[in-house]
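Notes follow the structure.
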Amino acid sequence: MENKDFHSNDIKQNKPLGKLVRVDRSRENEKIGAEASEYRGRYEAPPTENRGRYEAGNSDVPKKLVKVTQGENVPPRQNTEIKRKKSTKKSKKAKRYEKLINISVKIISVVSALVVAFVLVLNMPILVDKENGGNISVYNYIKNMKPAAMEGELNKENVKLDLKPQEEIAQELPELNDGLDLPQLVEGQYSVLFLGFDEEEFNTDVVWVVQFDIGHASIRILQIPRDVCFPDYTSSVTRKFNSIYSMGDPSIQPPIQRTVNAVQENFGIPIDAYITTACFDIVEIVDLIGGIPITIENEIIYEHDKIIPEGDITLTGQQAEWFIRFRREWMQGDIGRMQNQRRFMAAAMQKLFSIVKDEGRLKLYGYIKEIYEKELLYTDLSIGDLSKVADFASTVDMENVRVDIVPGEDAIFYAADGNGYSVYSVHKQETIDLLNNYYRPYQTRMTQNDTSMVELVLNHQYDLYDDTGASLEEIEKSTEPMRNPDMKPWWKED
């Protein structure tokens, strides 16, 4: 009778297979002559010891791993079945992984395509550029947004430029390409009007014109005294410059434009942008960047409970406000305060350099971004523009940053109400010479017919403020202004 057992049939029909497994280990051991030195396979062990990883006796065959028919126990079949099951398991896992990889690749491909499409759309010039004309991309539109322009936008259509002929500029700077990606009224320079308001945010007690001369890698800062008399630009009874913003021509809007016009029409400096802040905002700005290191020669008493100690200190935000506003004890009053503000400016510039050196430019940009977002200043510069300007400033040597005060002297202005008010009268020709020499490098020379400045004192009594130019390096080494001993607080001990 034919045996239909699968494995027994294989053995009967394929006899050479029986010869392959015929091994007599006892005879081999006798020939070697040393049973203890018998070589065994990697997973083989003597019958009396624990068996190998895949070896089992007749009584302990793992039934769940071996398919045995009709009670026969066939070790070769056992190993084959284990390998097949392991191979099947690996194959299923591989298929799952392959499926996951394919899904991941598809997802990445779709996302990448969407990102590329999004970037393309952002960079397509599909929006109208109202400021410069033509079209602009969505990316540049967002980049150039000016959410801090609370003072409004400046009118730059009728600015008198008086540019030098290109061939004349080319002789001085053969390759004038300043590399500053900002819209400039005069190629090669960028001028910013900085105004600091008093506590009531009514008068502009700090007026600086900061001019970045990119072509010559320098910065010039023109300090305009708050008391300078500009009778044609304000309705204030005192006719002081600091009232133009709030009491200038009401038909000129926004108010910042009134001050910008006064600067452009009298000092011949085209203004590209503005920055305004209040004294209480300076407190938070200084604290945000970690204070301003400075040397104080003598104790400054702003009020009886607001004192800045002498010595090498780091001004806190509150102390910084007291420092730049203090004027009572200076012999030269407001001019003394302006001179002291120069020292603060030099110290602040050194702080800028230290941030870039010790913390990196990204940290500086982070500070600018935080100041911008907290609206600690108003400006028509975008955050990107502010970063570019600050980046340029951080590369300029201290000796190439110079500060000037508008030449002039103290005077009395007799107003329509019959009273005389203490003001500052410009020295007209000396001011024009200063502007021509340092603030109009790419423009033709001004004359007295090009400005409407009013000179109250024709016969100058003194020229103390006619040549006040100094580099920040020199200012940093300077001492405090001269004090008036009669203005010492009565409670202060000698």
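The values are calculated or read from the model by the stated rules, or taken from the named source; none is laboratory data. Computed from a predicted structure; not experimentally measured. Reconstructed Cβ throughout: ideal geometry from the backbone, glycine too, with neighbour counts over all protein chains shown.
Criterion applied to ILE252, ILE275, ILE300 was being closer than 30 Å to ASP358 by Cβ, over 31 Å from the mean Cα position of the chain (by Cα) and surrounded by fewer than 21 Cβ atoms within 10 Å (Cβ to Cβ), and the one residue passing it is ILE300. Residues in the range 308-343 that are assigned to a strand (DSSP E or B) and either surrounded by fewer than 19 Cβ atoms within 10 Å (Cβ to Cβ) or modelled with pLDDT of 95 or more (or both): ILE308, GLY311, ASP312, ILE313, THR314, LEU315. Restricted to the range 210-239, and to residues there that are polar (S, T, N, Q) and part of a loop (DSSP other than H, G, I, E, B), the residue that is surrounded by the most Cβ atoms within 10 Å (Cβ to Cβ) is THR234.
Restricting attention to the range 406-425, which residues are under 11 Å from HIS460 (Cβ atoms) and touching a Pro at 6+ places or on another chain (Cβ under 9 Å)? Of everything in the range 406-425, just one residue is under 11 Å from HIS460 (Cβ atoms) and touching a Pro at 6+ places or on another chain (Cβ under 9 Å), namely GLY408.
Residues of the range 350-381 that are of a type in the set (D, E, K, R) and outside any helix (DSSP H, G or I): LYS374, GLU375, ASP380. When the range 264-307 is filtered for residues that are assigned to a helix (DSSP H, G or I) and in contact with a Leu (Cβ under 9 Å, 6 or more places away or on another chain), the ones remaining, listed by number, are PHE267, ASP281, ILE282, GLU284, ILE285, VAL286, LEU288. Scoring THR234 on the criteria (1) touching a Ser or Thr at 6+ places or on another chain (Cβ under 7 Å); (2) touching a residue at least 40 places away in the same chain (Cβ under 8 Å) leaves a single failure, condition (2).
The numbered conditions (1) of a type in the set (A, V, I, L, M); (2) under 30 Å from ASN459 (Cβ atoms); (3) modelled with pLDDT under 95 are all true for LEU381 except (2). Can you confirm whether the range 436-449 contains a residue that is under 18 Å from LEU222 (Cβ atoms), at pLDDT 90 or above and in contact with a Pro (Cβ under 6 Å, 6 or more places away or on another chain)? For the range 436-449, residues under 18 Å from LEU222 (Cβ atoms), at pLDDT 90 or above and in contact with a Pro (Cβ under 6 Å, 6 or more places away or on another chain): absent. Residues that are under 30 Å from LYS357 (Cβ atoms) number at least 1 in the following strands (runs of 3 or more DSSP E) confined to the range 384-443: 401-405.
Exactly one residue out of SER382, SER354, SER387 is surrounded by fewer than 16 Cβ atoms within 10 Å (Cβ to Cβ) and either in contact with a Cys (Cβ under 9 Å, 6 or more places away or on another chain) or of a type in the set (S, T, N, Q) (or both): that is SER354.
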